[in-house]
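Asker: I have a structure I would like to understand better, so I am pasting it below and will then ask my questions one at a time.
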Amino acid sequence: MQNKHILIVIKYGSFYGYCESIIKELAKKNKVTLCIQDENNINASKYFIDHRNSLVIEDSSLNKKVVLASSNKNLIITKGIKRTDSWVKPIIIIRETLNYLSYQIRGDNNTFLEVQTKYVSKKVINFLKLLKFRFIYKIVFKSLKLLHLFIPASWEIKNFISKINPDCIIVVGGNWPTRTKELSSEIDFINAANKLNISSILQVISWDNLTARGLYHYNPTLMLVWNKNHFNEALEIHKIPKKNLRMIGAPFMDKWFDKNNIRTKTEFYKEFDFEFNKPLVTYLGSAKNISKNEKIIVEKIFKKLSNHGYQMIVRPHGSNSEQFLNLDKDIKIIPTKGELPDTDDSKKLMIETLKYSDFTIGINTTAMIDSIILGTPCISLVKEEFSYNQIKTPHFHKVKNEGIFIEAIDEEESVLKITEFNKDEDSLISNKMDKFVENFCRPHGKNISAGRKTLEEISKLLTKAT
């Protein structure tokens, strides 16, 4: 496929890393317009479009800027347009209520249902609680879905698309809640594209996206899912027709399969003043909705590991580093405020940290999957107090059942699992990890990236359309 024009819509500038491999693959021989709806901040990092129409990340703590992507002859980066018409308020009410009802109907009583309640008015929730029975929820759900169908497509977005005149549109994410009074209107690009008879594509952004966010309120021409779990979730929860689904692998994780010019283990240890003859464990911090206080856990594990001659790193979640502000000064926090692995330096640092660790430990975070991909065994801390935010979340439960994590019920057992790990266990877990990586990230083979597979699927789609 070449000489086509693809419009890619992302909600936040920070989402670029989730579709980077797709953008780079498409832009080799085609024109790509990248539409960014919101410039945003993650802790010390700010994502914005500069005067040269480049996507830039600025780290205020380090006082430096890094260009993630620059506009060129094949890539145009532009600020997005949002729906602002008189339908915005009813749309927010209808969509967020549908999202809430979806959790109730499928019986997902976990931290993500709790998060969703923040986007629905208390009056609506109290009314729905009076109904009690699931079959009544289903009636209300179907009624709202029908009402939603009568809402016209956004004329603003249709005009925006018409001026760009793309051959197809890809929306990355598309089911984020409306966190402020401004509508999260990325999904409206799918509806507008369908009305304009332009091929529309949805890209699933993360491993938990289909079960831990809202619904996709319009069906695309194609939906790009990672693996069989995603495929089934798209069918069962989001009611995307089977003929519209394509498994491409995990675009966000393509970076871990690339050849990266990382430092040697000796250089990495020297940089952070580690003792080379001592094993290293990295604790992987989770997001706020998973755990707000891992400090006590980390310090307990560190103390017990130290007694066995182990060293430790804490790698904070990018949006939840504040919990480690008063951590024991002997525990190294790398990077200090957390970060997404989206610049060359941040990717290399994460690869080095995970590859040169003997084990990682976490509760419920994507970095645990990253650890498995990079070949480092991961201890899953499955304390009872975490069940609501961990085992009861469908995405984690499914991965847990693959047997790729070494489970520990508390801090003491996690240290025991590490110190008593033997060669037989290493062989068994390594085989499970390898099989998981292939099924989860690269279902078409370890050498076929999600970016490349996306190019193939879009090429087939546009060839068929002509």
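Every number in this text was worked out from the coordinates using simple rules, so none of it is lab data. The shown structure was predicted, so the numbers you read here are calculated from the model rather than taken from an experiment. With ideal geometry, Cβ positions are generated from the backbone for all residues, glycine too; neighbour counts draw on all protein chains shown.
Asker: Quick check: the distance between the Cα centres of segment 163-192 and segment 420-447, to the nearest angstrom?
Answerer: Segment 163-192 and segment 420-447 have Cα centres separated by 36 Å.
Asker: Sort 47, 119 by Cβ crowding within 10 Å, fewest neighbours at the top.
Answerer: Least to most surrounded, the residues fall as 119, 47.
Asker: Test of understanding: extend the Cα→C-beta vector of residue 460 to 7 Å, then name every residue of segment 217-240 with backbone N under 14 Å from that spot.
Answerer: Only 222-225 fall inside the zone, counting backbone N under 14 Å.
Asker: Quick one: putting +1 on the C-beta of Lys and Arg, -1 on the C-beta of Asp and Glu, what dipole do you get for segment 88-149 around its Cα centre, in Debye to the nearest 20?
Answerer: Here segment 88-149 has a charge dipole of around 200 debye.
Asker: Please grab the % of Cα pairs in the chain that end up more than 27 Å from each other.
Answerer: When every Cα pair of the chain is considered, 56 percent fall beyond 27 Å.
Asker: Mind checking the angle between helix 423-440 and the chain's longest principal axis? C-alpha axes, 0 to 90 degrees, to the nearest 10.
Answerer: Long axis of 423-440 versus the principal axis of the chain: about 10 degrees.
Asker: May I ask which of 195/239; 278/303; 28/453; 303/332; 303/400 have a Cα-Cα span longer than 18 Å here?
Answerer: 195/239; 303/400
Asker: For the Cα atoms of the chain, what angle does the longest principal axis make with the long axis of helix 295-307, in degrees from 0 to 90, nearest 10?
Answerer: Orientation of helix 295-307: about 30 degrees from the principal axis.
Asker: Now for a different question. What is the distance, in nm, between label points placed 7 Å from the Cα along the Cα-to-Cβ direction at residue 105 and at residue 135?
Answerer: Output for this residue pair reads 1.6 nm.
Asker: Compactness ratio of segment 88-149: Cα Rg over 2.2 N^0.38 Å, N = residue count?
Answerer: Computed over Cα atoms of segment 88-149, the ratio equals 1.03.
Asker: What fraction of the DSSP beta bridges in segment 1-125 is antiparallel, stated in percent and rounded to the nearest 5?
Answerer: Just about 50 percent of them are antiparallel.
Asker: Calculate the dipole size of the chain relative to its Cα centre from +1 charges on Lys and Arg beta carbons and -1 charges on Asp and Glu beta carbons; express the result in debye to the nearest 20.
Answerer: The dipole magnitude comes to about 2100 debye.
Asker: With point charges of +1 on the Cβ of Lys and Arg and -1 on the Cβ of Asp and Glu, referenced to the Cα centre of segment 256-440, which listed residue (421, 388, 437) lies farthest in the positive direction of the dipole?
Answerer: Sorting the options by dipole projection puts first 388.
Asker: Right, something else. Put +1 on the Cβ of each Lys and Arg and -1 on the Cβ of each Asp and Glu in the chain; which of 207, 159, 360 then has its Cα farthest toward the positive end of the dipole?
Answerer: The one lying farthest along the dipole's positive direction is 159.
Asker: Still on this structure: Report the paramagnetic label zone for residue 115: residues of segment 344-387 whose backbone N is under 12 Å from a point 7 Å from Cα along the Cα-to-Cβ axis.
Answerer: The answer is 365-366, whose backbone nitrogens lie closer than 12 Å to the label point.
Asker: In Å, what Rg and Dmax follow from the Cα atoms of segment 44-100?
Answerer: 17.2, 43
Asker: As I understand it, the value is the acute angle between the Cα axis of helix 134-149 and the longest principal axis of the Cα atoms of the chain; what does it come to in degrees, rounded to 10?
Answerer: 50 degrees
Asker: Can you give the calculated 222 nm mean residue ellipticity of the chain, where each DSSP H run of n ≥ 4 adds -39,500 (n - 2.57) and the sum is split over every residue, rounded to the nearest 500 deg cm²/dmol?
Answerer: Details: 17 runs with 184 residues, N = 466.
Result for the chain: -12000 deg cm²/dmol, rounded to the nearest 500.
Asker: Take the Cα of residue 93, step 7 Å along the line toward its Cβ, and report every residue of segment 119-158 whose backbone nitrogen sits under 11 Å from that point.
Answerer: 121, 124, by backbone N distance to the label point.
Asker: DSSP beta bridges in the chain, what fraction antiparallel, as a percent rounded to 5? Kindly include the intermediate steps, with their values, before the conclusion.
Answerer: Values: 13 of 58 bridges.
Once the DSSP bridges in the chain are tallied, antiparallel ones form about 20 percent.
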